[in-house]
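The values are calculated or read from the model by the stated rules, or taken from the named source; none is laboratory data. Values in this document were obtained by computation on a predicted structure and should not be read as measured data. Note: ideal-geometry Cβ built from the backbone for every residue, glycine included; neighbour counts use all protein chains shown. The accessibility values were calculated without ligands, DNA or RNA, using every heavy atom of the protein model including side chains. Shrake-Rupley method; radii C 1.70, N 1.55, O 1.52, S 1.80 Å.
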Amino acid sequence: MFLPSFELNGKTAVVTGAGRGIGRAIAVGLAEAGADVALLARTEKDLGETAEIIENLGRKALIIPSDVTEREQVHNAITEIGSRWGKIDILVNNAGMNIRSKALDATDEEWQKIMDTNLKSAFMMSQETGKIMKDQPSGGKIINIASVAGQVALRTGVVYAATKAALMQMTKVLAMEWGQYGINVNSIGPWYFKTPLTEKLLADEAYINDILAVTPLKRIGELPELVGPVVFLSSDAGNYVTGQTLFVDGGMTIHGF
């Protein structure tokens, strides 16, 4: 038999930014694959809606309202999950934000807020979870949600781009350090996907035409097409993949002229 398992039965997962959009889709997708999922975000109501979907699938959902830019809250959340479930098999660092300022207009406050949300939170979550994973016989899987902006230059969002490039490099270093513990660390780099946050942008015909012009597949991504790679990297099928960034971008990062 050569086909490895893509199932996550008996696994426990943690997803940040799990209240809506990409984070909700990932959390539900992991549950559909068989995992119980701990849900982290600041808005408890949004987490409750995600949890209801997961529980209707017959999986467990643990709601932990948290600001993942705060070390104490990150520590407390991971400690609680480890105590309740006895292990953490999968961590998806999805929490993120963007402020589309031109470089000459970006403020110190914007810089710090985006850095804390996109980069510092992912490091702290990985660090606190890594302390648990390294002592598990099965190790663990960490997946960082990066962006094509970490690989190619976009028109605005210089701070966002800097965080995503740093996140991709952090992925490599953590994979190098933690491979000895059986911990796989990878990133996924999405392009545009249909979510509530992108709905207004994608309603602009000129804007979407610009996107499609540099997307070889000539369409916007659907959320299941992003969830699939997350499940792959979380499962036994991804056991020999680490330190990589998988671009799920319709070919955007290979586009040439």
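General remarks:
- Taken over the range 94-130, residues that are free of Cβ contacts under 8 Å to residues at least 24 places away in the same chain, open to solvent by 90 Å² or more (accessible area, probe 1.4 Å) and of a type outside the set (A, V, I, L, M) amount to 5.
- When Thr129 is tested against (1) closer than 15 Å to Ala166 by Cβ; (2) under 20 Å from the mean Cα position of the chain (by Cα), exactly one condition is not met: (1).
This table checks each residue for (1) over 23 Å from Ser235 (Cα atoms); (2) open to solvent by 20 Å² or more (accessible area, probe 1.4 Å); (3) under 17 Å from the mean Cα position of the chain (by Cα).
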position: Lys11; (1), (2), (3): no, yes, no
position: Val15; (1), (2), (3): no, no, yes
position: Gly23; (1), (2), (3): no, no, yes
position: Glu55; (1), (2), (3): no, yes, no
position: Lys60; (1), (2), (3): no, yes, no
position: Glu72; (1), (2), (3): yes, yes, no
position: Asn76; (1), (2), (3): yes, yes, no
position: Ile81; (1), (2), (3): no, no, no
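- Selection status of Ala153, open to solvent by 40 Å² or more (accessible area, probe 1.4 Å) and more than 21 Å from Leu119 (Cβ to Cβ): no
- Hey, Thr43 open to solvent by 20 Å² or more (accessible area, probe 1.4 Å) and either under 22 Å from Ile145 (Cα atoms) or modelled with pLDDT under 95 (or both) or not: yes
- Looking only at the range 128-158, residues that are more than 15 Å from Asn94 (Cα to Cα), out of contact with any Lys or Arg (no Cβ under 9 Å at 6 or more places or on another chain) and not in a loop (DSSP other than H, G, I, E, B) come to 2 in all.
- Total residues in the range 180-192, condition surrounded by 20 or more Cβ atoms within 10 Å (Cβ to Cβ) and part of a helix (DSSP H, G or I): 0
- Where helices (runs of 4 or more DSSP H) sit wholly within the range 10-122, those with at least 2 residues that are more than 16 Å from Lys164 (Cβ to Cβ) and of a type in the set (A, V, I, L, M, F, W, C) occupy 21-32, 44-56, 71-85.
- Counted residues, the range 193-227 - those being of a type in the set (Phe, Trp, Tyr) and surrounded by fewer than 17 Cβ atoms within 10 Å (Cβ to Cβ): 1
- Considering residues of the range 163-179 that are free of Cβ contacts under 8 Å to residues at least 24 places away in the same chain and either within 18 Å of Asp89 (Cβ to Cβ) or within 17 Å of the chain's Cα centre (by Cα) (or both) only, the residue surrounded by the fewest Cβ atoms within 10 Å (Cβ to Cβ): Gln169
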